[in-house]
């Protein structure tokens, strides 16, 4: 009898009843909105005020509850220590040339931010060039953009603080390392497009309200001359009649053409071009609508190479003459094919085309007229990133996959031969794991691909812990990639599954559109069907299955556990879009209306309201263990989404599973997060997952 009591006591300590959790008392206010006759209460509207002392106190109380819960997980410190070991390996970027020198990034292992090095040539010893870790004491200021002048003598860079999308631009003398006087502010989603002794960029007016939540409007393109104060920057392009329209600037490699691209959302754009070699030239409108996607690759003489999905949902490469811009005059260089043309670069006088076939990358080489020459063979199914200059015979490409931590190859363009330049070494037995791709059937019969990664010899007895991750939106494709964070789950017998659900770009624009607007339910159905496949095929069972997703993927998780909470034991919605009725009222959220629709439109309100995670929480359902994550500087998906969602879930849910929120400070949507914060977050997330799946790590 004593032994039984002892076992019960141990289990209670390890997997204690979360009904003992006491959540903060979150006050409710009497706010009701009328959407076309439908009254919608919003009792936690006050949490949208990110500057109020009340919100700050609520955040503190929620974090206290979460931290207390996590602190009682007996193996939390062991998971953190193990992840530090796994993550402590050197990480490199492929070299790239600027002027006569080569640059690359390296993280020695656990540095908060990767450091930029320079080499006089490929065989010389690297020297420190720029260390972002010196921008702040805690690593929360990151390098967010960079660009060298054509001759490589000037280095312009952007910094972001605390993970915010707001950037500040600076300029440095690349030879001496001296910081110049240039300092530009209120910049978002902009690069630097060089021309002569300055560059074009886009920015917003200084916010009049909270800089982390105020709606961003009235984008303008400016020209900054090196050495001038920002107040002297000249407006090159604007359109005050369209306040929600965003503008971006680019120049061709020879700095002859200025390209102004405009959009009112995250997909579809138009563009104008100006020939800078002709004094007094005016902008020529090439595409004046927002019906398709266009990306200028570069120019061939007086014509432009453009990647587009116009009359080609899988994309094609065309040649446009700005002097004769009518669509009837557009010429195919690389026609559309059955696979998706993701990217094209000119390197060494040839076209390097990156395609996606069943969510994995393939790279093909063409001459400048579009004649096929060869394929660059990859070591496995994975993801590829190319770097190289138009006039260089040397190119580099990085390759990575689920169990392939990364390798950089050097390519001789003229001969087509590749050689291994650098391989990442990590103390982990990757040969003991395998990846397979399956195709399962969604609710409407659509075939959906899914990658599954697991330890060799896995028994399909339905008792394996599994982690299902996806995204499903914005034409974003999930390709095989490496993450040290998931190794802990794999080495403890976990199964990692990543379905390429609709809404992404894995099969072109048609796949994307099949998960947009009123078809968003397809995304949720695809994910639910992926979970059912894993269960039916014996990989796992609902008491062993965790699901996760970030941003639009956080929305996915929030919607899915409202619809099918019975399929999952754990849910991790990260920085999610949870309030589908008000997302467009904050920062850049109005750009997502192209993807989601808007509650300002009656038809769109009806389908948004039907799946909005915040508005479909049902207190009668038995929800999984939920850990919401967000950050105080997230000005992409403002934290109010997660705040209101968890407050509602904690109010309505009466079951025993914990429903918690982890709110990071001095961090944003994810970009530029320092290693120290990454380690803390990964350890907490896996602790929550392991604990609630009743996994005991072997450390």
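The values are calculated or read from the model by the stated rules, or taken from the named source; none is laboratory data. Nothing here was measured: the structure is a model prediction, and the numbers come from that model. Cβ placement follows ideal geometry from the backbone for every residue including glycine, while neighbour counts extend to all protein chains displayed.
What to note about this one:
- Of all residues in the range 46-84 being in contact (Cβ under 8 Å) with a residue 60 or more places away in the chain and touching a strand residue (DSSP E or B) at 6+ places or on another chain (Cβ under 9 Å), the one that is nearest to residue 685 (Cα to Cα): 70
- All of 631, 640 fail the test of being surrounded by 21 or more Cβ atoms within 10 Å (Cβ to Cβ) and either at pLDDT 95 or above or touching a helix residue (DSSP H, G or I) at 6+ places or on another chain (Cβ under 7 Å) (or both), apart from 640.
- Among the residues making up the range 96-139, those that are surrounded by 13 or more Cβ atoms within 10 Å (Cβ to Cβ), out of contact with any helix residue (DSSP H, G or I) (no Cβ under 8 Å at 6 or more places or on another chain) and closer than 19 Å to residue 84 by Cβ are 106, 133.
- Residue in the range 584-606 that is surrounded by 24 or more Cβ atoms within 10 Å (Cβ to Cβ), touching a helix residue (DSSP H, G or I) at 6+ places or on another chain (Cβ under 6 Å) and closer than 17 Å to residue 47 by Cβ present: no
- Unmet requirement for residue 204, which otherwise passes all of (1) in contact (Cβ under 8 Å) with a residue 24 or more places away in the chain; (2) under 23 Å from the mean Cα position of the chain (by Cα); (3) crowded, with 19+ Cβ neighbours inside 10 Å; (4) closer than 25 Å to residue 160 by Cα: (1)
- The set of residues in the range 433-455 being touching a strand residue (DSSP E or B) at 6+ places or on another chain (Cβ under 6 Å) and without any contact (Cβ under 8 Å) to a residue 40 or more places away in the chain consists of 436, 439, 447, 455.
- Yes/no for residue 314 being in contact (Cβ under 8 Å) with a residue 60 or more places away in the chain and part of a loop (DSSP other than H, G, I, E, B): yes
- Odd one out for residue 321, checked against (1) surrounded by fewer than 21 Cβ atoms within 10 Å (Cβ to Cβ); (2) more than 29 Å from residue 453 (Cα to Cα); (3) in contact (Cβ under 8 Å) with a residue 60 or more places away in the chain; (4) touching a strand residue (DSSP E or B) at 6+ places or on another chain (Cβ under 9 Å): (3)
- Boolean, residue 478 is assigned to a loop (DSSP other than H, G, I, E, B), more than 22 Å from the chain's Cα centre (by Cα) and either in contact (Cβ under 8 Å) with a residue 24 or more places away in the chain or surrounded by 15 or more Cβ atoms within 10 Å (Cβ to Cβ) (or both): no
- Filter pass, residue 341 being under 21 Å from residue 509 (Cα atoms), in contact with a strand residue (DSSP E or B) (Cβ under 9 Å, 6 or more places away or on another chain), at pLDDT 95 or above and surrounded by fewer than 22 Cβ atoms within 10 Å (Cβ to Cβ): no
- So residue 542, is it farther than 29 Å from residue 601 by Cβ, without any contact (Cβ under 8 Å) to a residue 40 or more places away in the chain and more than 20 Å from the chain's Cα centre (by Cα): yes
- Single condition residue 614 does not satisfy, out of (1) within 26 Å of residue 544 (Cα to Cα); (2) in contact with a strand residue (DSSP E or B) (Cβ under 8 Å, 6 or more places away or on another chain); (3) surrounded by 24 or more Cβ atoms within 10 Å (Cβ to Cβ): (2)
Okay, residues lined up against (1) farther than 22 Å from residue 476 by Cα; (2) more than 30 Å from the chain's Cα centre (by Cα):
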{"position": "362", "(1), (2)": "no, no"}
{"position": "373", "(1), (2)": "yes, yes"}
{"position": "376", "(1), (2)": "yes, no"}
{"position": "379", "(1), (2)": "yes, no"}
{"position": "382", "(1), (2)": "no, no"}
{"position": "385", "(1), (2)": "no, no"}
{"position": "389", "(1), (2)": "yes, no"}
{"position": "393", "(1), (2)": "yes, yes"}
{"position": "397", "(1), (2)": "no, no"}
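Here's the yes/no breakdown for (1) in a loop (DSSP other than H, G, I, E, B); (2) in contact (Cβ under 8 Å) with a residue 12 or more places away in the chain:
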position: 242; (1), (2): yes, yes
position: 249; (1), (2): no, yes
position: 261; (1), (2): no, yes
position: 280; (1), (2): yes, no
position: 310; (1), (2): yes, yes
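- The residue that is farthest from the chain's Cα centre (by Cα), among those in the range 645-676 that are in contact (Cβ under 8 Å) with a residue 60 or more places away in the chain and part of a helix (DSSP H, G or I), is 651.
- Single unsatisfied condition, residue 466 versus (1) over 23 Å from residue 406 (Cβ atoms); (2) surrounded by fewer than 17 Cβ atoms within 10 Å (Cβ to Cβ); (3) touching a strand residue (DSSP E or B) at 6+ places or on another chain (Cβ under 6 Å); (4) in contact (Cβ under 8 Å) with a residue 40 or more places away in the chain: (2)
- Filtered residue count, the range 368-387, keeping only those that are within 30 Å of residue 430 (Cα to Cα) and not in a strand (DSSP E or B): 6
- Filter pass, residue 467 being over 16 Å from the mean Cα position of the chain (by Cα) and in a strand (DSSP E or B): yes
- The residue of the range 515-530 that is surrounded by the fewest Cβ atoms within 10 Å (Cβ to Cβ), among those that are more than 18 Å from residue 591 (Cβ to Cβ), without any contact (Cβ under 8 Å) to a residue 60 or more places away in the chain and out of contact with any strand residue (DSSP E or B) (no Cβ under 8 Å at 6 or more places or on another chain), is 519.
- Only one entry in 211, 168 is assigned to a strand (DSSP E or B) and surrounded by 15 or more Cβ atoms within 10 Å (Cβ to Cβ), namely 168.
- Residue within the range 177-184 that is buried (at least 18 other Cβ atoms within 10 Å of the Cβ), within 16 Å of residue 220 (Cβ to Cβ) and in contact with a helix residue (DSSP H, G or I) (Cβ under 8 Å, 6 or more places away or on another chain) present: yes
- Screening 355, 366 for residues that are under 29 Å from residue 502 (Cα atoms), touching a residue at least 12 places away in the same chain (Cβ under 8 Å) and surrounded by 16 or more Cβ atoms within 10 Å (Cβ to Cβ) leaves exactly one candidate, 355.
- Matching entry among 685, 649 (being under 19 Å from residue 617 (Cβ atoms) and modelled with pLDDT of 95 or more): 649
- Scanning the range 140-165 for residues that are outside any strand (DSSP E or B), touching a residue at least 60 places away in the same chain (Cβ under 8 Å) and surrounded by 20 or more Cβ atoms within 10 Å (Cβ to Cβ) yields 140, 162, 163, 164, 165.
- Any hit, the range 599-608, residues being under 16 Å from residue 471 (Cα atoms), without any contact (Cβ under 8 Å) to a residue 60 or more places away in the chain and not in a loop (DSSP other than H, G, I, E, B): no
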